[in-house]
1. If amide H atoms are built 1.01 Å from N in the plane of the peptide, which residues on other chains or at least 5 residues away come under 5 Å of the amide H of Thr155?
2. Under 5 Å between amide hydrogens, which residues at least 5 positions from Asp217 or on another chain qualify, with H placed 1.01 Å from N in the peptide plane?
3. Tell me which trypsin sites (Lys or Arg not before Pro) from region 169-240 have a DSSP coil assignment and no more than 15 other beta carbons within 10 Å of their own.
4. Please give the length that would be gained between Gln79 and Val164 if that part of the chain were fully extended, namely 0.36 nm times their separation in residues minus their C-alpha to C-alpha distance (nm, one decimal).
5. Give the shape of region 240-327 as rounded, prolate or oblate, defined through the alpha-carbon gyration tensor: a ≥ b ≥ c are the square roots of its eigenvalues, a/c under 1.5 means rounded, and otherwise the shape is prolate if a/b is larger than b/c and oblate if not.
6. Could you list, in their original order, any pairs among Lys85/Lys305; Lys102/Lys190; Lys171/Lys308; Lys201/Lys230; Lys212/Lys308 whose Cα atoms are separated by more than 30 Å?
7. So, in nm, how far is label Ala183 from label Asp280 when the simple model puts each one 7 Å beyond its Cα toward the Cβ?
Amino acid sequence: MRHITRIGLVLLLCAAVLVTLAGCGTKTKSTQSAPDKLKVFATVYPVYDFARQVGGDKIEVAMLMPPGAEPHDWEPTAQDIVKIKSAKLVLYHGAGLEPVDKLLSKDVLATVKAVEVSKGIPLLAGEEDEDEDEASHQQHDKDKQTDQHKHESETDPHVWLDPVYAQQEVKAIAEALSEVDPANKDYYQKNAERFIQELVKLDSDYQTTLSKAGRRDIITTHIAFGYLAKRYNLEQIGIMGLAPDSEPTADKMAKVVDFCRTHQVKYIFFETLVSPKLADTIAKETGAGLLVLNPVENLTAEEMKQGKDYLSVMRENLANLEKALQK
Ligand SMILES: [Zn+2]
């Protein structure tokens, strides 16, 4: 046995030498043929999770935003800016979610490719406030000139919460990976197709469950569920704005309380990364219960350890929606 192993080893070494020699002879082969994984950065959690699904063991993907951070408050650190150059590809969500100006500057990126995964998806307008009439659109244009928080007013960035648009984002990630690493194109495409099938199933389960719901109004803390509500014909009433740090006025609070009372809303939704104080206040005022509706903007380190991901959290969301929307 020993003998055979030794012979095997010698043969392997010979083969390795031959390959090396052959490698030297071919001028066209670049040094890239090393078996190293493709290094990728993703800014926020949904992009990170989708990239993991598509990239599998061919990529090494890291999330720039720390676990548990809220993307609306997040900004890339000086260290993030420095380490970007060590990657081949940076995937960011876009649609106004994360502040990427610094990351995308030419000196920072140099030869790193940056891809906006939400590109091409038709975006919903930003904050509508309580009035959904046309007047508020004119107000938006006015806000644009003065508002320092661009992402709060121009477009609604929460595209990934619609399982149909999520499929488009997965496709964009597969394309980006294939472009940077064409040798593994088939692998990325296959993984993307497999994951898209999961999203198709998720969408169909949402359709089936929510079509039977006895209610259509969801009371959320920050209005992250616009795309989801539109897809499944729900009405979202937000306590805060598009970003969770926008405090509601007393008038807004009173209106939400009023709405909950007249519609006998059973549950108020809160989020894991945002203080439940406001949701709790409204629940107490109206006698409603509290349930989690997670915008999957990020997961806590604990949730990641438990093996939670986009699909599992979206299924938890569906279970809670089903519970809250019973007649
Ligand atoms: Zn958000």
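1. Correct list: Gly126.
2. Correct list: Glu235.
3. Hits after loop and neighbour filter: Lys212, Arg216.
4. 27.1 nm
5. Verdict is oblate for region 240-327.
6. Going by Cα-Cα distance, Lys102/Lys190 fall outside the 30 Å limit.
7. Roughly 5.4 nm, to one decimal.
Bear in mind that the values in this text are calculations on the coordinates, not laboratory data. From a predicted model like this one, the values you see are computed outputs, not experimental measurements. Positions of Cβ are generated from backbone atoms using ideal geometry, with glycine treated the same way; all protein chains shown enter the neighbour counts.
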